[in-house]
Amino acid sequence: MIRHPRRPTAALDPDLIERLRALQPASLGHHLTAGFLSPRIRALVPGRMLGRAITVRQPLPDAEPVHRVLDAIRPGDVLVIDRCGDDRIACVGEMVALAARTAGAAGIVVDGMVTDIAEIAALGLPLFARGTSVVTTRPLRVPGAELFGTVCPGGVPVRDGDLIFGDENGLLCLDPERPDLAALVACAEADEAREVDWRRRLAAGESLAVLNGYDTQT
């Protein structure tokens, strides 16, 4: 098992993080062109989720790497597991989810299968995955896994320490050190504030095309 050092990340402005947490991820999506994880990784336990990625690349049906990474979770982390295309064997179940929640994880993302979905739902920990399975990993103790490196869930590179933001509509990955993060949050906030007025005006019969500035005569 390859262990990289956990990526050092600068402290984020807590006020900015709370502003980000209050937004819908789709509001950011209006202003992004990359960083969207595949919609096939969907919310099996719904909930708004924001936190730094703690990454596992696990191409084999070995339980050890995921169990080991649980000891490194920091409060607010999102456990991100790349199963490298496996769509049969579940690597997360009730015990993994309980250990992650107890360590303070904000959620779990699996590019692959999970199990014990009813029990995980009862824990209330947001969980995103491709589906469920009754076939599970087991302690094989074989090489091939990688902890704290760059993974590629849903076709998007995710580094240890990146921000993972998601809800029932999908997931996106943000570089926490991008210089325009505050401006991006401000644009999304302005969009959501405008939508409050638009809901009223649309309910009164106004044209969405006109509200968006389109020339309805063309």
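The values are calculated or read from the model by the stated rules, or taken from the named source; none is laboratory data. Here the structure is a predicted model, which means the values were calculated and not measured. Because the Cβ atoms are built from the backbone with ideal geometry, glycine has one as well, and the counts that use them run over all protein chains shown. Remember, those area values only see protein heavy atoms, side chains included, never the ligands or the DNA or RNA. Shrake-Rupley method; radii C 1.70, N 1.55, O 1.52, S 1.80 Å.
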Take the stretch 142-196 and flag every residue that is farther than 20 Å from Asp13 by Cβ, without any contact (Cβ under 8 Å) to a residue 24 or more places away in the chain and not hydrophobic (A, V, I, L, M, F, W, C). Pro157, Arg194, Glu195
Condition check for Pro75: closer than 19 Å to His4 by Cα, touching a Gly at 6+ places or on another chain (Cβ under 7 Å), touching a residue at least 12 places away in the same chain (Cβ under 8 Å) and surrounded by fewer than 17 Cβ atoms within 10 Å (Cβ to Cβ): no
Please enumerate the residues belonging to the stretch 1-59 that are surrounded by fewer than 19 Cβ atoms within 10 Å (Cβ to Cβ), under 16 Å from Phe128 (Cα atoms) and of a type in the set (S, T, N, Q). Ser38
State all residues of the stretch 149-171 that are farther than 19 Å from Gly85 by Cα and either of a type in the set (A, V, I, L, M, F, W, C) or not in a strand (DSSP E or B) (or both); if no residue qualifies, say none. Asp160, Gly161, Asp162, Leu163, Ile164, Phe165, Glu168, Asn169
Apart from one, (1) surrounded by 19 or more Cβ atoms within 10 Å (Cβ to Cβ); (2) of a type in the set (Gly, Ala, Ser); (3) more than 15 Å from the chain's Cα centre (by Cα) all hold for Ala106; the odd one out is (3)
I'm told Val56 meets every condition in (1) at pLDDT 95 or above; (2) more than 15 Å from the chain's Cα centre (by Cα) except one. Can you identify the failing condition by its number? (2)
Here are the criteria: (1) part of a loop (DSSP other than H, G, I, E, B); (2) open to solvent by 20 Å² or more (accessible area, probe 1.4 Å); (3) touching a helix residue (DSSP H, G or I) at 6+ places or on another chain (Cβ under 7 Å); (4) of a type outside the set (Val, Ile, Thr). Tell me which single one Leu125 does not satisfy. (2)
Taking interchain pairs and intrachain pairs at least six residues apart, which have beta carbon atoms under 8 angstrom, with the first residue in the stretch 21-45 and in a helix (DSSP H, G or I) and the second crowded, with 18+ Cβ neighbours inside 10 Å and modelled with pLDDT under 95? none
Residue hits (the stretch 68-91; farther than 27 Å from Ala11 by Cα and either among the aromatic types (Phe, Trp, Tyr) or not in a strand (DSSP E or B) (or both)) are Arg83, Cys84, Gly85, Asp86, Asp87, Arg88, Ile89
